[in-house]
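Reading through the C-alpha cells given below for one structure.
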Amino acid sequence: MQSSGDHISAARNTSALPSALEHADDIRKRVQQKRLAVFLDYDGTLTPIVERPELAFLSAPMRRTLMELASCCPVIIISGRDRTDVQQLVQLDNIFYAGSHGFDIVGPHGQQMTCERADEFLPTLARVEQELLQRLAYVEGAFVERKKFSIAVHVRGVTRDDEGKVEALVDHILVRYPDLRKSYGKKVFELQPRLDWHKGKAVLWFLQALQLDEAEGLPLYIGDDLTDEDAFRTIADRGFGIVVETGTRPTAANYALKHPEEVHSFLRHLISWLHC
C-alpha cells in the first residue's frame with residue numbers, strides 16, 4: 001500500500017531512527033524547557049493492533065498513565081475512529097479527543113469543533129457505504145466500518161491476492177464519487193471527504209486553541225499509522241514525532257518505539273520529567 005495521500009517528504013527510515021527510550025535524556029531536556037502538548041494515535045499506539053476494531057481495549061495501566069499525564073499537560077488522542085467510539089474505549093474526561101482523523105473534536109472544557117463543510121458529505125458517505133457492503137459481501141475477510149465522517153475498508157482478514165481485488169472494487173466505486181478521496185493505513189483503505197483536512201491540521205487547530213502555537217509550545221506526537229505522517233510533517237519545525245513501528249518504511253518522525261508497551265514506558269518518563 002502507498003502512503004496516506006501525500007508522499008512522505010522525509011529521507012529518514014523507521015529502521016534507522018533512534019529509540020525514544022534510549023535517547024530519553026535528550027528528549028527530557030527539550031520537554032523541560034517548553035510547554036508540552038502530547039498527541040497520541042489510538043490503535044497500534046495505545047493498544048496493540050487487533051483483528052476487529054471493537055476488540056482494541058485500553059489496558060488499565062495505560063488508562064491510569066493517560067489520566068496522570070493529563071494532569072501535567074494537555075493530552076489529545078487523534079484517531080481514525082469515530083470520536084464517540086474512542087471516547088468510550090478510553091473513558092477519561094480530562095483529555096481531548098479528535099475522531100475521524102481530526103474531523104470531529106471535543107475537549108474536557110466543552111470545546112467542540114467539526115471540520116467546516118464535513119456534514120455536507122454525510123449523504124454521499126451513506127450511499128458509498130451501502131455500495132461497499134453489497135460489493136464486498138463476497139470477499140471473505142473484508143470488513144466495512146462506517147464512521148461519521150469516513151468509511152474504513154479493512155483488509156487485514158483477506159488473503160494477499162484479494163487485497164488488490166478489494167482496492168479495485170473501492171476504486172471502481174469512487175470513480176462516481178469524486179468528492180471523496182482514498183487514503184491508506186495499515187491494512188485499511190479510508191474514504192474521506194475531499195477536504196484540506198488531516199491529522200496535521202487537527203494538531204495545528206489544537207495548538208492554537210490551547211495557546212501553544214507560540215515559541216514556548218512543544219507538540220509531541222506518537223503514532224504508528226501512515227495517516228500519522230501528516231502530523232509528523234506538520235510539527236517537524238516546532239516539535240517532534242515518535243513512530244511506533246518494527247518494520248521499515250519512510251517517515252517524518254524523529255524517534256521510534258517498537259510497540260504500545262514501550263509507548264507506556266515512555267509516557268511514564270514524561271510524567272516523571274514534568275514533576276506533576
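A few notes on this one:
- In degrees, nearest ten, helix 260-274 long axis to first principal axis of the chain (Cα): 30 degrees
- Residues Val244, Val170, ranked from the fewest to the most other C-beta atoms within 10 Å, line up as Val170, Val244.
- Where labels lie 7 Å past Cα in the beta-carbon direction, separation of Gln112 and Ser272 in nm: 4.1 nm
- Value in Å of the Kirkwood radius, where the chain supplies the Cα pairs that are averaged: 19.0 Å
- Ordered by the number of other Cβ atoms lying within 10 Å of each residue's own Cβ, fewest first, Thr45, Thr84 fall into the sequence Thr84, Thr45.
- Modelled FRET efficiency - R0 22 Å, Gln208 with Met67, Cβ distances, 0.05 increments: 0.30
- Extension gain (nm, one decimal) between Asp119 and Asp93, 0.36 nm per residue minus Cα-Cα: 6.8 nm
- Calculated from backbone phi, Karplus (6.51, -1.76, 1.60) coupling profile of region 60-65 in Hz, x at Gly/Pro: 4, x, 5, 4, 4, 5
- With a simple spin-label model that places each label point 7 Å from the Cα along the Cα-to-Cβ direction, the separation between Arg52 and Arg35 comes to 4.4 nm.
- Of all DSSP bridge pairs formed entirely within region 1-157, close to 60 percent run antiparallel.
- Coordinate range of the alpha-carbon atoms in region 118-193 per principal axis, descending: 35, 21, 17 Å.
- Spread of Cα-to-Cα distances over 5 Å intervals beginning at zero, given as percent, for region 152-276: 2, 9, 15, 16, 18, 15, 11, 7, 4, 2, 0
- Most fluctuating residue given options Ala37, Ala16, Ala236, as computed from a GNM of the chain linking Cα atoms under 10 Å: Ala16
- Phi-based couplings in Hz for region 208-213 (Karplus 6.51, -1.76, 1.60; Gly and Pro marked x): 6, 5, 8, 6, 10, 8
- Checking the cross-link pairs Lys182/Lys258; Lys147/Lys199; Lys34/Lys187; Lys34/Lys201; Lys29/Lys258; Lys147/Lys186 against a 25 Å limit on the alpha carbon distance flags Lys182/Lys258; Lys34/Lys187 as lying beyond it.
Readers should treat all values here as calculations from the given coordinates under stated rules, not as data from a laboratory. In this text, all values refer to a predicted model and were calculated from it rather than measured experimentally. When we count neighbours, we look across all protein chains shown, and the Cβ atoms used for this are built from the backbone with ideal geometry, even at glycine.
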